[in-house]
Structures are given as C-alpha cells and as structure tokens.
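Student: To start, I am sharing the structure in question, which I have written as structure tokens.
The values are calculated or read from the model by the stated rules, or taken from the named source; none is laboratory data. Predicted model only: the values in this text are computed from it and were never measured. Glycine also receives a Cβ, built like all others from the backbone with ideal geometry; neighbour counts cover every protein chain displayed.
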Amino acid sequence: MYKHILTVIIIAIFIGCSAPKPEKLPTWYTYPPQDLQHFYATGSGINQIKAKNNAISNLRATINYDLDKVFLNKTTKLKIAQNQDIKPILLQNELFANKITMMGLKIEKTTVFKKEHLILIKLPRSLIFDYATRLSTEKFESSKARYEKIKDDIAIKKYSHLLKEMPNYYRLASLLEAKRLSFNTYNTNEEILYLNEISSEFFKLKQSISFYILSDFNSKIFVSALKDAVIASGLTISSQPTSNNSLKLFITSKTVNSKDYSFNKSKTLIKYRTYNKDKEEIVFRQHTFEGKSRVSYLDAKKQSAIYQKNKINKLGIYNFIGFN
C-alpha cells in the first residue's frame, strides 16, 4: 500500500515539474519603475503603435490624478478655504495633463504577452517642469502687477478686479503643483504667498460686501437684471448693511415715448448711483437704452430692459455701474 502511495506522490511531483509554468506579466509592466528623473507609464495594444498611444493616455491620466490628489487631499501648500470650490482647479489640471508635449518621450521596454503588445514609456520630469514654467512665468508676473495697482482701492473695486483675476488663480495654482510634482524641491514660496493673498482677499471680500438695489417707480423694470448680475458675481443682496463694505445702488430714469412709423419707440436714460454705508456717493454711471414694439410702449420698454441685460453681460456688472 505504501508503495502505491509513494508512486502516486512521485508521479504528481513529476507532472508538476514537467508541466509548463503559467505565463506572467513582466514586473516592469505591473509595477512601473519610479525615480526622480522620469515619469513612467505602461500600455498595451494589438500592435506597438496602439500600445504606445495607450501608454501616453495612461501617463496623462496619472499626472492628472496626481495633481488632483494634491488639492482633494489638501496637501497643497496653498490655503484652500473650507467652502472653496476647487472644480476650476481640477479642470485646469485636466487641461494641463492633456496638453503636455510628448516630444521627449522614450520607449523603455517592449514585449509581447499572449499576442498583446506591452510597452513601458518614460518622460523626463524636466520637460514637464519646463512646460509648466513656460506657461506660468509671464502669467504670474502680469497678475502680480495688476494686483499691485488695486491693493489700496475700496473693497468693491478690489472685488471686481479679483473676480476677473480668479481664473488666473486657478490656472496658476494648477501650474504651481505641476512644477512641484516634477521637482518637489522647487522653491514655490513667492508664488504661494501671492496666490494665498489674492484668494484670501477675494473670499474675505465676497463675505463682507452686499448690495441694496432700489429704484424710482419709472425704473423698476430695470432692477431685476442688476440683482441677478450681482448675485451671479458671488455677492449678496440685502436691504440691511452686512458690514462696512455694504453698498446701496439707486436707479433713476427718464423715459421718452415716440412713434417710429408703425413702431412704438421707448427711449430711457438710466442713472446708476452707488453709495457707501455712510451714504456717500462713490460712483455714478448712466446708460441710454431704446426699444421698439408694434404692441405698446410698455412692450417697447421691456425691450429696453433686455438691451440693458445684454450690456451688463457684455461689460460685467461692476464695469457697467462704473467701478472699472
């Protein structure tokens, strides 16, 4: 009996040794290398060209993921406000990753596994650093120069400026982390200080400025577009002052109706006066809007209100009422 058992064991060992070992993916494919000089990525495809293209896509996705992770995990040195929407930064991360040049890309390894081409590529970190630096340097300097000109202005003027500057903030924040991702020893202190300053100032002003918008009887039809534009800019409408930065916008107008052949024509001169908390007039602007209608003068005036809304959208609310 023991002889039979021993024979079975020997046969099993022999079969195990003689059977072909299952193929395994190469280690360099399942665990791409990491170092301080290159970014690595792998890809597969029915031929080497498709494998390379897939590897490039994976490389872009990895860089995008690593950039996003810095902001989502709040490991960035930038001060991210508790309720700050970082979606614009994440969008910039995606745009950056998708536009990185691959001119310096090199193929590190290739093989065929089960009729599938496998490839390992690498891209010098210096190329990504140089690309991010080239995109950010001029933008950073010009942004700083613009901000210096308005640092001592009244709150609403600073807010108006920073509202237009925030897209640059999102772009520069993304590029800053792209440079740090390429070389974590890169000195970002100057950029961090500036970006933290303008974002902190922007959100502080956003919380402190409110508008109270009112009009005479003739101008009521023009008020809603102004309120909508102020709210869309991030500020609040409040009949009571919320801080020393609260403002009152008073609208008056004069309308002249006339006939233009078969049309009813309504022409309105509108005056926009903005007062601070101490009831001092700080800015004045006036616009004229004209509308036509075959229905009535009121309908023509409604057309004037639509033209006002279009001009607000074109100029921006704060330029429209005189702050730029």
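Student: Do we have any residue at all in region 266-280 that's at pLDDT 95 or above, of a type in the set (Val, Ile, Thr) and within 33 Å of the chain's Cα centre (by Cα)?
Tutor: yes
Student: Something else now. In this structure, is Thr274 assigned to a loop (DSSP other than H, G, I, E, B), of a type in the set (S, T, N, Q) and touching a strand residue (DSSP E or B) at 6+ places or on another chain (Cβ under 7 Å)? Working first, answer last.
Tutor: Numbers: assigned to a loop (DSSP other than H, G, I, E, B): no; of a type in the set (S, T, N, Q): yes; touching a strand residue (DSSP E or B) at 6+ places or on another chain (Cβ under 7 Å): yes.
So Thr274 fails the test.
Student: Quickly run through region 182-206 and pick out the residues that are surrounded by fewer than 18 Cβ atoms within 10 Å (Cβ to Cβ), among the β-branched types (Val, Ile, Thr) and assigned to a helix (DSSP H, G or I).
Tutor: Ile192
Student: To continue, here is another question. Answer yes or no as to whether Thr268 is surrounded by fewer than 19 Cβ atoms within 10 Å (Cβ to Cβ), among the β-branched types (Val, Ile, Thr) and outside any helix (DSSP H, G or I). Show your work before the answer.
Tutor: On the way: surrounded by fewer than 19 Cβ atoms within 10 Å (Cβ to Cβ): no; among the β-branched types (Val, Ile, Thr): yes; outside any helix (DSSP H, G or I): yes.
When the stated conditions are applied, Thr268 does not pass them.
Student: Condition check: closer than 21 Å to Lys220 by Cβ and touching a helix residue (DSSP H, G or I) at 6+ places or on another chain (Cβ under 8 Å). Does Lys267 satisfy that? Even if it seems obvious, please write down each step before you answer.
Tutor: On the way: closer than 21 Å to Lys220 by Cβ: yes; touching a helix residue (DSSP H, G or I) at 6+ places or on another chain (Cβ under 8 Å): yes.
Yes.
Student: State whether one or more residues within region 285-304 are assigned to a helix (DSSP H, G or I) and aliphatic (A, V, I, L, M).
Tutor: Within region 285-304, one or more residues are assigned to a helix (DSSP H, G or I) and aliphatic (A, V, I, L, M).
Student: Shifting gears a bit: Here's a check for you: in region 42-58, which residue that is part of a helix (DSSP H, G or I) and over 16 Å from Ala97 (Cβ atoms) is farthest from the chain's Cα centre (by Cα)?
Tutor: Of all residues in region 42-58, those part of a helix (DSSP H, G or I) come to 48-58.
Filter again for over 16 Å from Ala97 (Cβ atoms), leaving 48-52.
On the way: Gln48: 36, Ile49: 34, Lys50: 32, Ala51: 32, Lys52: 30 Å.
Per the stated criteria, the residue is Gln48.
Student: Would you check which residues across region 199-224 are touching a Leu at 6+ places or on another chain (Cβ under 6 Å) and closer than 30 Å to Phe140 by Cα and list them?
Tutor: Phe202, Ile209
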